[in-house]
1. What about L20, is it assigned to a helix (DSSP H, G or I), open to solvent by 40 Å² or more (accessible area, probe 1.4 Å), aliphatic (A, V, I, L, M) and farther than 22 Å from K326 by Cβ?
2. Condition first: in a loop (DSSP other than H, G, I, E, B), open to solvent by less than 40 Å² (accessible area, probe 1.4 Å) and either of a type in the set (D, E, K, R) or out of contact with any Asp or Glu (no Cβ under 7 Å at 6 or more places or on another chain) (or both). Now tell me which residues in the stretch 212-258 satisfy that.
3. When the residues of the stretch 49-74 are narrowed to those that are of a type in the set (F, W, Y) and in a loop (DSSP other than H, G, I, E, B), which ends up surrounded by the most Cβ atoms within 10 Å (Cβ to Cβ)?
4. Restricting to the stretch 348-358, what's the tally of residues that are open to solvent by 10 Å² or more (accessible area, probe 1.4 Å) and closer than 15 Å to V28 by Cβ?
5. Condition (residue is within 26 Å of the chain's Cα centre (by Cα) and either in a helix (DSSP H, G or I) or of a type in the set (A, V, I, L, M, F, W, C) (or both)) applied to the stretch 259-273: is it met by at least one residue?
6. Go through I422, I417 for me and flag whichever is more than 21 Å from F499 (Cβ to Cβ), hydrophobic (A, V, I, L, M, F, W, C) and open to solvent by 10 Å² or more (accessible area, probe 1.4 Å).
7. So, in the stretch 75-102, exactly how many residues are hydrophobic (A, V, I, L, M, F, W, C) and outside any helix (DSSP H, G or I)?
8. Looking at F142, F110, F105, which one is in a helix (DSSP H, G or I), touching a residue at least 60 places away in the same chain (Cβ under 8 Å) and more than 29 Å from L371 (Cα to Cα)?
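The values are calculated or read from the model by the stated rules, or taken from the named source; none is laboratory data. Bear in mind the structure is a predicted one, so any value in this text is a computation, not a measurement. Here the Cβ positions follow ideal geometry from the backbone for every residue, glycine too, while neighbour counts run over all protein chains shown. The accessibility values were calculated without ligands, DNA or RNA, using every heavy atom of the protein model including side chains. Shrake-Rupley method; radii C 1.70, N 1.55, O 1.52, S 1.80 Å.
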Amino acid sequence: MKTDNKPWYWIPLLNFASGLPYAVIISVSVIMYKKLGISNKDIGLYTSLLYLPWVIKPLWSPFIELIGTKRKWFLSMQLLISIAFLLVGFTIPTSGFFMMTLAIFWVAAFASASNDIASDGFYLLVLPEDQQSFFIGIRSTFYRLAMLAGNGLIVLLAGYLEHKYGDNTKAWSYTMIAVGLLMTFITVYNFFSTPKTEINAGEKPVDTNKQSFASIFASFFRKKQIILVLSFILLFRLGESQLIKMLTPFLVDPIKYELVETGSDESQTKALEIYNSKVKNGEKLSDSELQLLYSKLPILVEMRDQKKPLAEVENKDKAEYKNANKARIDFVDLLIVNKGNQKTIKKGGMGLETEDIGLIYGTFGLIALTLGGILGGIAISKQGLTKWMLPMILTMHLPIIGFILLAHFHPASIYYIYTVVIIEQFGYGFGFAAFMMYLIYVAEGESKTAHYALATGFMAMGMMLPGMVSGYIQEYLGYGNFFIWVFLATIPGIILSRFLIFPKDFGKKSEEV
């Protein structure tokens, strides 16, 4: 291998450059839009659709296989992503920002998916199998570190700016500009650090010009066990895909809403009179009485360690009140159904602030994920994938039980939340290494880049489709039962994994010197 190929110099930030855009587009955008007043319904639908470029990326992956070099592709795409994030930052303060930023995110998503194809292919071409198995943990760790940088440090920055300026629009505009500048720096670093060659020493280059788009695409579906393989890829993340979409709303949603028994003005006093005389007695309300309750019934929202008035419906002309309005209307409807008995209304989320989310995922969660990913890669490189497949899958999925417990018991101490997140992040880092290594096995043979893209495209489909309906499922079941459902949804992938056939020592580091 060429002497300029020093994996520790380029693998970390090359994979960071894949994970950061994905985190911002898929996860951080959810928090951003929620803080900018977009409804949960629109957030769930549109941010899930942003998965689509990763789903359909196999359709253009053969062109990346056949045209140009992988290095030129990922450098060009990283530059385009940098520009896109800067544009999002400048667009947020404008009217109609929602559709405009979504359009820019779509461009960034296609560029990010193309960057993933080229980066994955570059990795598979430059490193031999024994190094691939060792660095699979490093790759997954830095990819996940990028996810945590987005969900942790970037969110922490946004939360800090929200309190500093008292203006969510300005805070998120500055945050996205900062993300664009960070991606620009990473692109420049990757330009200088990545090796110029894409062929392993001692290997002959594959004559890809003799391969057509159709032949590359069709050869993937001639692989052994392909139906079982695709079923496993689609179902392996069935639970995780829903967990990821609803976990942030669960952590930031208020603990509960609380009716205040005294009004501060005549309208509130009148609303309370209707509540005490009719709602508690289960009497039917007129439309005017219902609207008065919706708009004037005094309600507090309980976050962790604080209570604050919930916005009134008459403020509906302000976008930032949209979510609060829906929340208070839903709460009033529940009061009517339960005849004013607040105790029968279940608690909701964990009541964390934006900075809390960033702090939890950007500190202890980051450390746990790093350790888990590194240990996962080392374990596979020492003993092979067969020995570790099931233990790693279980390690990845069992921590969901922690969120079931949080949703049911709502512990007062924030340290319980830290503990659950730390365990979940370690399990994810350790367990996901096995899944990534199996995808490398699926891509074995000629056209590794295109075949790996096909495998990850099906994986993205397995993330997108359940994610689109996760909000409806959560709303129907409530958080506690939703997390139980998520845990049960991991079972099909576990069962299918036991029928997969691959070399016993695949991924094991060679003992030869």
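1. Numbers: assigned to a helix (DSSP H, G or I): yes; open to solvent by 40 Å² or more (accessible area, probe 1.4 Å): no; aliphatic (A, V, I, L, M): yes; farther than 22 Å from K326 by Cβ: yes.
Against the criterion (assigned to a helix (DSSP H, G or I), open to solvent by 40 Å² or more (accessible area, probe 1.4 Å), aliphatic (A, V, I, L, M) and farther than 22 Å from K326 by Cβ), L20 does not qualify.
2. So in the stretch 212-258, the residues in a loop (DSSP other than H, G, I, E, B) come out as 212, 221-225, 237, 253-255.
Those left that are additionally open to solvent by less than 40 Å² (accessible area, probe 1.4 Å): 237, 253-255.
Of everything in the stretch 212-258, those that are in a loop (DSSP other than H, G, I, E, B), open to solvent by less than 40 Å² (accessible area, probe 1.4 Å) and either of a type in the set (D, E, K, R) or out of contact with any Asp or Glu (no Cβ under 7 Å at 6 or more places or on another chain) (or both) turn out to be R237, D253.
3. Filtering the stretch 49-74 down to residues of a type in the set (F, W, Y) leaves 51, 54, 60, 63, 73-74.
Within this subset, residues satisfying the condition of being in a loop (DSSP other than H, G, I, E, B) are 51, 60.
On the way: Y51: 23, W60: 17.
Per the criteria, the residue is Y51.
4. At the first step, the residues of the stretch 348-358 found to be open to solvent by 10 Å² or more (accessible area, probe 1.4 Å) are 348, 353, 355-356.
Applying the additional criterion that residues be closer than 15 Å to V28 by Cβ yields 355.
Residues flagged as open to solvent by 10 Å² or more (accessible area, probe 1.4 Å) and closer than 15 Å to V28 by Cβ within the stretch 348-358 amount to 1.
5. Within the stretch 259-273, the subset within 26 Å of the chain's Cα centre (by Cα) is none.
No.
6. Only one candidate qualifies: I422.
7. We begin by selecting, within the stretch 75-102, every residue hydrophobic (A, V, I, L, M, F, W, C); these are 75, 77, 79-81, 83-88, 90, 92, 97-100, 102.
When the remaining residues are screened for being outside any helix (DSSP H, G or I), the result is 92.
So the count comes out to 1.
8. F105
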